[in-house]
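Contents: one structure, followed by commentary.
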Amino acid sequence: MALIVQKFGGTSVGGLDRIRKVASRVKQETDAGNQVAVVVSAMAGTTNQLVSWARDIGPMHDAREYDTIVASGEQVTVGLLAIALQNIGVDARSWLGWQIPVRTDEVHGAARIESIDTELMRARLASGQVAVVAGFQGIAPDGRIATLGRGGSDTSAVALAAALSADRCDIYTDVDGVYTTDPRIAPKARKLDAISFEEMLEMASLGAKVLQTRSVAMAMRHNVKLQVRSSFSDAPGTLVVNEDAIVEQEKISGIAYSPDEAKVTIEGLPDEPGTAAAIFGELAANHINVDMIVQSATGEGQGADITFSMGRSDLARAMELINASKDRLAFYNLSAAENVTKISVVGMAMRSQPGVAKTMFETLAERGINIEVISTSEIKISVLIASEYTELAVRSLHTAFGLDGED
Ligand code: ADP
Ligand code: ASP
Ligand code: MG
């Protein structure tokens with residue numbers, strides 16, 4: 001007998017028929033004699049709707065109230081799935097974050113899980129009852145509901161699997177597994193049988209939303225046996241495993257893109273120590289994450305220019321902060337672009353094989369795609385380009401790095 005955590009995403013619970021199908025998948029596991037905890041997301045589209053209502057009623061809203069609103073979608077799906085299970089003779093109950101409890105830190109809207117109390121749940125699981133757990137939510141130190149950031153149900157599932165020392169954590173979604181790139185924009189994307197934690201971590205943080213970044217980090221830290229597979233078919237999925245378990249290492253394992261980027265350029269800054277520290281210090285103090293940064297200065301008294309990229313949702317605040325410091329920072333022009341996308345190639349083998357940057361830049365140049373900003377790390381190269389070229393860039397790079405499978 002095994003203890004299994006299953007997680008079903010928004011599309012998988014996107015209607016009553018789909019919820020009934022999820023119930024029968026869960027029953028397959030209980031029929032096999034396994035203990036099952038199921039983590040579910042809100043129905044597809046629900047969280048987006050809730051987020052936009054919260055934004056529309058007050059753009060500078062209280063993050064605690066935002067959490068109260070956006071956590072509600074999961075409350076509906078856990079109740080529905082518990083009833084669907086009961087209807088087919090499976091003992092089940094729903095659990096909200098605060099009932100378990102899943103304790104988080106105080107950062108409402110992007111909270112981290114600190115602990116999960118599994119005592120009560122273990123007893124129920126041992127008695128044969130299925131636990132249907134609301135993903136994406138926990139309880140903050142102030143006693144109020146906290147949410148884990150978009151896509152956070154993946155992290156709920158992995159954290160629960162770690163806390164329960166589960167034998168497996170199966171993430172059921174609307175694609176068959178992890179692909180070499182997003183199969184929705186590149187028809188030649190290939191499903192990977194396995195991917196290393198390190199590569200999955202990079203892919204996720206660079207935009208591959210099939211797993212939330214934090215869920216991968218947590219699975220890696222706690223050695224959770226993690227698998228991504230389809231809710232709609234029995235096709236084998238993708239295992240996320242330690243690097244040494246990957247037999248054949250390809251040069252590049254995948255291409256990711258992140259469309260929600262913005263670019264800021266500050267021109268004519270004083271070319272002297274402390275300038276960059278003043279700008280980025282101010283942004284950091286306001287919890288604004290900056291990603292790629294380039295600075296250029298001729299050293300001939302012309303001043304310095306700084307360009308950086310960041311999440312689009314923070315752009316308005318960042319511009320306001322920089323503008324407010326115009327006198328202190330002494331620059332002469334500030335501009336921003338919202339229509340930019342970050343494209344990244346990821347692969348462990350990049351560490352030992354030169355030429356990846358050359359192939360990437362040449363491929364983009366051949367398609368007439370201009371690179372606005374570049375950043376690299378040991379296992380990835382990212383570039384910022386105009387959003388209109390996203391699909392062309394992803395598909396061309398996918399072909400150039402020999403990743404294409406069947407159409
Ligand atoms: P869920 O609601 O099940 O959590 P998500 O929409 O969050 O599903 O994540 C699944 C989606 O991730 C897929 O539909 C796919 O478009 C996208 N995706 C992006 N990159 C990849 C990739 N490399 N492999 C698989 N899916 C990807
Ligand atoms: N419902 C939440 C979201 O859409 C959490 C999740 O689906 O993982 O972000
Ligand atoms: Mg998701």
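Observations
- Two-site label geometry, residue 223 and residue 52: point separation in nm, points 7 Å out along Cα→Cβ: 4.6 nm
- Check: the chain dipole with +1 on Lys, Arg Cβ and -1 on Asp, Glu Cβ, in debye: 1180 debye
- Helix 153-163 axis, angle to the chain major axis (alpha carbon atoms, nearest 10°): 60 degrees
- Of interest is the spacing of the C-alpha centroids, which for the stretch 190-247 and the stretch 376-407 amounts to 20 Å.
- Selection from 204, 223, 245, by position along the positive dipole direction of the stretch 183-255 (Cβ): 204
- Ordering of 330-340, 199-209 by packing is 199-209, 330-340, highest average first (other Cβ atoms within 10 Å, averaged per residue).
- The charge dipole of the stretch 140-290, taken about its Cα centre with unit charges on the Cβ atoms of Lys, Arg (+1), Asp and Glu (-1) only, comes to about 520 debye.
- Nearest-0.05 FRET efficiency for residue 150 and residue 16, computed from C-beta distance (R0 22 Å): 0.35
- Label point 7 Å beyond Cα of residue 328 along Cβ direction - residues of the stretch 293-321 with amide nitrogen under 16 Å: 318-321
- The Rg/Rh ratio for the chain, using Cα coordinates for both the radius of gyration and the Kirkwood hydrodynamic radius, is 1.00.
- Extension gain from residue 232 to residue 87, taking 0.36 nm per residue of separation minus the Cα-Cα distance: 50.1 nm
- With neighbours defined as other Cβ atoms within 10 Å of a residue's Cβ, the residues 374, 266, 306 order from fewest to most as 374, 306, 266.
- Residue-span extension gain [residue 278 to residue 335] - 0.36 nm each, minus C-alpha spacing: 18.7 nm
- Whole-percent pair-distance distribution, where bins are 5 Å wide, for the alpha carbons of the stretch 96-197: 2, 12, 19, 19, 15, 13, 11, 6, 3, 0
- Taking 0.36 nm per residue of separation and subtracting the Cα-Cα distance, full extension of the segment from residue 362 to residue 243 would add 39.9 nm.
- Counting only Cα atoms, the stretch 215-295 measures 59, 28, 26 Å along its principal axes, largest extent leading.
- Remark: the stretch 6-99 carries a charge dipole of roughly 280 debye about the Cα centre, counting +1 on each Lys and Arg Cβ and -1 on each Asp and Glu Cβ.
Values in this text are rule-based calculations from the coordinates and carry no lab data. Treat the numbers as computed from the prediction; the structure is a model and nothing was measured. Cβ sites come from the backbone with ideal geometry, for glycine too, and all protein chains shown count toward neighbours.
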